[in-house]
Amino acid sequence: MSTTTSTENSGLLRVLLPPFEKKFGCKVDVIAVGTGKALKLGEAGDVDVVFVHARSLEDKFVSAGFGVNRRDVMYNDFVLIGPPEDPARVRGAGSAAEALSKIAAAGSIFVSRGDESGTHQKEKELWKNGGVAPKGKWYLEAGQGMGEVINMATQVRGYTLADRGTCIAYGKKTDLVILRQGDGNLRNPYGVIAVNPARHPHVKYDMAMKFIGFVTGEEGRGIIADFRIDGKPLFFVYGMKET
């Protein structure tokens, strides 16, 4: 399975995979990379299933014939985090896009995933909405996963866009705080897709469909909904009340 770094960095896979493996007598080999790279692995037939979070890229993956049977799994949201002293004064911004514009105007350090991940896709969308083409010494493209980027932003006292799950999981590893959240366009949905066996006959399609059934079924949904760190839920399941 190829998947986004947030499902692994958050710790979700450590509780979600063992019950599936026990139930079906298998071992899931996980490749955790940005969503763009995860889908490329699916395109090449190097994995059997992808578990990612960039709906526009997922739809292209399916429409191009590389994936089949996409299903919604869960969601959380993106948050803008940065130093408590907030040098760019983004707390008063009217939107996430405006917050990024204030960071650019101030020349404050922003650490980007820079890896075509789902988070990077959302970041690029927000820069575009704010009318900013980010470049310069203040804009750092890490090419790393979410956990590494949070660590880097902490070290350089910069800002970054993070998924809430990894942000919560790294709460004791950073003093960065959430400075912008709750915008309607910051919602972060996750989907699971089987690699198309018609394109790659060697893939384990039956097992991929069992995994899809598990994570979208009662047992998997319950595990995801119950997964918390310090009492805080990291992901929400469609059809279940947020608590």
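Rule-based calculations on the coordinates, nothing more; no lab input. Source: prediction; values computed, not measured. With ideal geometry, Cβ positions are generated from the backbone for all residues, glycine too; neighbour counts draw on all protein chains shown.
What the table below lists for this structure:
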read-out: Two-site label geometry, ALA133 and ARG228: point separation in nm, points 7 Å out along Cα→Cβ; value: 4.8 nm
read-out: Percent of beta bridges antiparallel (DSSP, the chain, rounded to nearest 5); value: 75 percent
read-out: Nearest 10 degrees, 0 to 90: helix 205-216 Cα axis against the chain principal axis; value: 50 degrees
read-out: Among VAL156, VAL111, VAL215: highest mean-square fluctuation, GNM of the chain, C-alpha pairs under 10 Å; value: VAL156
read-out: Acute angle (nearest 10 degrees) that the helix 146-156 long axis makes with the longest principal axis of the chain, alpha-carbon atoms; value: 20 degrees
read-out: Selected from GLY130, GLY217, GLY231 as most flexible by GNM, with the chain as the system and alpha-carbon contacts under 10 Å; value: GLY231
read-out: Folded to 0 to 90 degrees: helix 118-129 orientation relative to the chain principal axis, Cα; value: 40 degrees
read-out: Unit charges on C-beta of K, R, D, E only; dipole of the chain, Debye; value: 180 debye
read-out: Projected-area mean, the range 76-186, by convex hull of Cα positions, square nanometres; value: 5.9 nm²
read-out: Least to most buried among GLU43, GLU85, GLU148 (fewest other Cβ within 10 Å first); value: GLU85, GLU148, GLU43
read-out: Alpha-carbon Rg/Rh ratio, for the range 6-50, with Rh computed the Kirkwood way; value: 1.00
read-out: Viscosity 1.002 mPa s, 20 °C: Kirkwood-radius Stokes-Einstein D of the chain over Cα pairs, µm²/s; value: 117 µm²/s
read-out: Ordering of 53-59, 75-81 by packing [mean C-beta count within 10 Å, highest first]; value: 75-81, 53-59
read-out: MRE, 222 nm, helices only [DSSP H, n ≥ 4, -39500 (n - 2.57), over the chain, to nearest 500]; value: -11500 deg cm²/dmol
